[in-house]
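Each remark here refers to the structure printed beneath this line.
The values are calculated or read from the model by the stated rules, or taken from the named source; none is laboratory data. Predicted model only: the values in this text are computed from it and were never measured. Virtual Cβ from ideal backbone geometry, glycine too; neighbours counted across all protein chains shown.
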Amino acid sequence: MHRIAGAAIPMILVSMNLVIQAQSMKVDNTFAARVWANRTIWQKHVEWLLNEQMSCSGADPKNDQSPCNRFVGRALERVYGINDFTVSGDYLDANAISTYLLTHTPPWRELGRAGDQTVLQTAQQYANEGRPVLAVRPDTPHGHVALVLPGKLKQSSTWTMSVPNSASFTLDAPTNEKHTYVGGPLSRAFSNSKKEDVKIYVRF
């Protein structure tokens, strides 16, 4: 058991749940797809994500170099072999990622806003195919980026929509397990009032 913000996190159960999701997916023949489909490798990535979550919980929210702020860049580099958000050996923060995505199309493509059900369905489909999918909302002083994970759409009572599976590491609330998590609905990462400001991107 791991504890985050005083709550027990059964890592093995979480890992097995995500492995089962991965095994049920129809994925294309890419490196990322093979990572999601391979039980041993995928389990290692789940454990790494959970370790990042624990590191985030103990980080200083004011430290821009904390794992919370650098999680997306590190996750894309580790899981997908993509270093788009790496600059001079460091990682872009959420606002810088938002700017990068606006100016690098292709390979990134905007799918639309998170308030659109069709966009959310498409985002989950691409994630299940092994493609990197991000949900991005810039803000002052810190924006936020969530990673859409392979899985299934789940009905959100707050968004009143079916939302994709995701991982979120929140810089301003690293000990809040509601917003800092691995394998939860995207609606946990962004409030209902902010979903229309959230853009969804996929990388081809």
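How many of the residues making up region 116-161 are buried (at least 17 other Cβ atoms within 10 Å of the Cβ) and among the acidic types (Asp, Glu)?
Here the count works out to 1.
What tally of residues in region 125-149 results from selecting those that are more than 15 Å from Val198 (Cα to Cα) and not hydroxyl-bearing (Ser, Thr, Tyr)? Don't jump to the end; show me each part of the working.
Restricting attention to region 125-149, the residues satisfying the condition of being more than 15 Å from Val198 (Cα to Cα) are 125-132, 141, 149.
Subsequent filtering for residues that are not hydroxyl-bearing (Ser, Thr, Tyr) retains 125, 127-132, 141, 149.
Summing the residues that are more than 15 Å from Val198 (Cα to Cα) and not hydroxyl-bearing (Ser, Thr, Tyr) in region 125-149 gives 9.
Let's see how each residue does on (1) in a helix (DSSP H, G or I); (2) in contact with a Phe, Trp or Tyr (Cβ under 8 Å, 6 or more places away or on another chain); (3) touching a residue at least 24 places away in the same chain (Cβ under 8 Å); (4) within 21 Å of Pro107 (Cα to Cα):
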| residue | (1), (2), (3), (4) |
| --- | --- |
| Ala123 | yes, no, yes, yes |
| Ala127 | yes, no, yes, yes |
| Val136 | no, yes, yes, yes |
| Asp139 | no, no, yes, no |
| His142 | no, no, yes, no |
| Ala146 | no, yes, yes, yes |
| Gly151 | no, no, yes, no |
| Thr158 | no, no, yes, no |
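Of all residues in region 108-121 being in contact (Cβ under 8 Å) with a residue 60 or more places away in the chain and out of contact with any Asp or Glu (no Cβ under 6 Å at 6 or more places or on another chain), which is nearest to Ser162 (Cα to Cα)?
Our first condition is that a residue be in contact (Cβ under 8 Å) with a residue 60 or more places away in the chain; within region 108-121, this holds for 108-115, 119-120.
Right, trim to out of contact with any Asp or Glu (no Cβ under 6 Å at 6 or more places or on another chain) and you get 108-112, 114, 119-120.
Values: Trp108: 24, Arg109: 22, Glu110: 19, Leu111: 16, Gly112: 16, Ala114: 11, Val119: 11, Leu120: 8 Å.
The extreme case among them is Leu120.
Name the single residue, out of those in region 63-81 being more than 19 Å from Val133 (Cβ to Cβ) and assigned to a loop (DSSP other than H, G, I, E, B), that is modelled with the highest pLDDT.
Ser66
Report yes if Asn95 is in a loop (DSSP other than H, G, I, E, B) and either surrounded by fewer than 16 Cβ atoms within 10 Å (Cβ to Cβ) or at negative phi (or both), otherwise no.
Details: in a loop (DSSP other than H, G, I, E, B): no; either surrounded by fewer than 16 Cβ atoms within 10 Å (Cβ to Cβ) or at negative phi (or both): yes.
Here the answer is no, as Asn95 does not meet what is asked.
Select from region 162-181 the residues that are surrounded by fewer than 24 Cβ atoms within 10 Å (Cβ to Cβ), in a loop (DSSP other than H, G, I, E, B) and modelled with pLDDT of 90 or more and list them in ascending order.
none
Please find, within region 71-98, the residue that is farthest from Met161 (Cα to Cα) out of those that are hydroxyl-bearing (Ser, Thr, Tyr) and in contact with a Pro (Cβ under 8 Å, 6 or more places away or on another chain). Write out each step before concluding.
Going residue by residue through region 71-98, those that are hydroxyl-bearing (Ser, Thr, Tyr) are 80, 86, 88, 91, 98.
Pick out the ones that are also in contact with a Pro (Cβ under 8 Å, 6 or more places away or on another chain) and you get 80, 98.
Details: Tyr80: 28, Ser98: 24 Å.
Restricting to residues being hydroxyl-bearing (Ser, Thr, Tyr) and in contact with a Pro (Cβ under 8 Å, 6 or more places away or on another chain), the top hit is Tyr80.
What about Ser193, is it farther than 18 Å from Ser98 by Cβ, assigned to a helix (DSSP H, G or I), modelled with pLDDT of 90 or more and not hydrophobic (A, V, I, L, M, F, W, C)?
Details: farther than 18 Å from Ser98 by Cβ: yes; assigned to a helix (DSSP H, G or I): yes; modelled with pLDDT of 90 or more: yes; not hydrophobic (A, V, I, L, M, F, W, C): yes.
So Ser193 fits the description; yes.
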